[in-house]
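Colleague: Dropping the structure in here first, questions after.
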Amino acid sequence: MGAVHEAGYLHRDIKPDNIYVRDEDGSLVLLDFGAARQAQGPADEANVVTPGYGPIEQYFSGEQGPYTDIYAFGATLYWMIAGKKPVESPARMAEPDPLPPAVEIGRGRFSEQFLKAVDWALKPEAKDRPQDIPHFLEALYSAHSSTLGLQQALRTDRKSTRLN
């Protein structure tokens, strides 16, 4: 996803059906770029939304950015944790949010940092989500910074040192 954003595009349809696991090494491949568009510029008229995975800005042709794909990726992780897709984003705009947090449903099976990162990605309002992939990855892997690339791990370790 980071490579897609670095190339100036948004995928706009991340969901379990669009992720392939390679047999030879278990690495993941993002498929189906039919809904992709340039990250900059006006939103096009063709709006693709997969219920449960599409954020609110895709339902109402709002401004989209990396945070749009991050929501969909967070929804995919939520599906893996909960065994079901999240509540559709328009229904989540109500108070209280009807989506049970990942920190509750995944407690004891995943690190709290990982679950909090999934919940951060699933914030209903775009402004409240991670705004780019590096920040999201730092949050996702913060309990296991050894799995990050060297530069990201160093940034994460410096942040945790400052917090202590």
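The values are calculated or read from the model by the stated rules, or taken from the named source; none is laboratory data. If you're wondering where the values come from, they're calculated on a predicted model, not measured in any experiment. Every residue, glycine as well, gets a Cβ built from its backbone with ideal geometry; the counts of neighbours run over all protein chains shown. Calculation scope for accessible area: heavy atoms of the full protein, side chains included, ligands and nucleic acids excluded. Shrake-Rupley method; radii C 1.70, N 1.55, O 1.52, S 1.80 Å.
Colleague: Would you say residue 86 is within 30 Å of residue 60 (Cβ to Cβ), at pLDDT 95 or above and touching a Phe, Trp or Tyr at 6+ places or on another chain (Cβ under 9 Å)? So that I can check it myself, show each step before the final result.
Modeller: On the way: within 30 Å of residue 60 (Cβ to Cβ): yes; at pLDDT 95 or above: yes; touching a Phe, Trp or Tyr at 6+ places or on another chain (Cβ under 9 Å): yes.
Considered against the rule, which asks whether it is within 30 Å of residue 60 (Cβ to Cβ), at pLDDT 95 or above and touching a Phe, Trp or Tyr at 6+ places or on another chain (Cβ under 9 Å), residue 86 comes out as yes.
Colleague: Right, another one. Could you say whether any residue in the stretch 89-106 is under 20 Å from residue 10 (Cβ atoms), at pLDDT 95 or above and out of contact with any Phe, Trp or Tyr (no Cβ under 6 Å at 6 or more places or on another chain)?
Modeller: Among the residues of the stretch 89-106, at least one is under 20 Å from residue 10 (Cβ atoms), at pLDDT 95 or above and out of contact with any Phe, Trp or Tyr (no Cβ under 6 Å at 6 or more places or on another chain), which makes the answer yes.
Every residue, every condition in (1) modelled with pLDDT of 90 or more; (2) within 18 Å of the chain's Cα centre (by Cα), yes or no:
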residue: 1; (1), (2): no, yes
residue: 11; (1), (2): yes, yes
residue: 14; (1), (2): yes, yes
residue: 19; (1), (2): yes, yes
residue: 23; (1), (2): yes, no
residue: 35; (1), (2): no, yes
residue: 43; (1), (2): no, no
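Colleague: Sort through 3, 72, 102 and tell me the only one that's closer than 21 Å to residue 141 by Cβ and in contact with a helix residue (DSSP H, G or I) (Cβ under 6 Å, 6 or more places away or on another chain). Before the answer, list the steps.
Modeller: Working: 3 fails: in contact with a helix residue (DSSP H, G or I) (Cβ under 6 Å, 6 or more places away or on another chain); 72 fails: in contact with a helix residue (DSSP H, G or I) (Cβ under 6 Å, 6 or more places away or on another chain).
Step by step, each of 3, 72, 102 is checked, and only 102 is closer than 21 Å to residue 141 by Cβ and in contact with a helix residue (DSSP H, G or I) (Cβ under 6 Å, 6 or more places away or on another chain).
Colleague: Any residue that is more than 20 Å from residue 17 (Cβ to Cβ) and acidic (Asp, Glu) - is there at least one of those in the stretch 79-88?
Modeller: Step one: filter the stretch 79-88 for residues more than 20 Å from residue 17 (Cβ to Cβ), giving none.
No: zero hits.
Colleague: So, in the stretch 63-115, how many residues would count as being under 17 Å from residue 51 (Cα atoms) and basic (Lys, Arg)?
Modeller: Within the stretch 63-115, residues that are under 17 Å from residue 51 (Cα atoms) and basic (Lys, Arg) number 3.
Colleague: Out of everything in the stretch 134-155 that is touching an Asp or Glu at 6+ places or on another chain (Cβ under 8 Å) and of a type in the set (A, V, I, L, M), what residue ends up being modelled with the lowest pLDDT?
Modeller: Step one: filter the stretch 134-155 for residues touching an Asp or Glu at 6+ places or on another chain (Cβ under 8 Å), giving 143, 145, 148, 152, 155.
Imposing the further condition that a residue be of a type in the set (A, V, I, L, M) reduces the set to 143, 148.
Working: 143: 80, 148: 53.
Applying the filter and picking the extreme gives 148.
Colleague: Consider residue 158 carefully, then state whether it is open to solvent by 80 Å² or more (accessible area, probe 1.4 Å), of a type in the set (Lys, Arg) and modelled with pLDDT of 95 or more.
Modeller: Values: open to solvent by 80 Å² or more (accessible area, probe 1.4 Å): yes; of a type in the set (Lys, Arg): yes; modelled with pLDDT of 95 or more: no.
Judged against the criteria, residue 158 is not a match.
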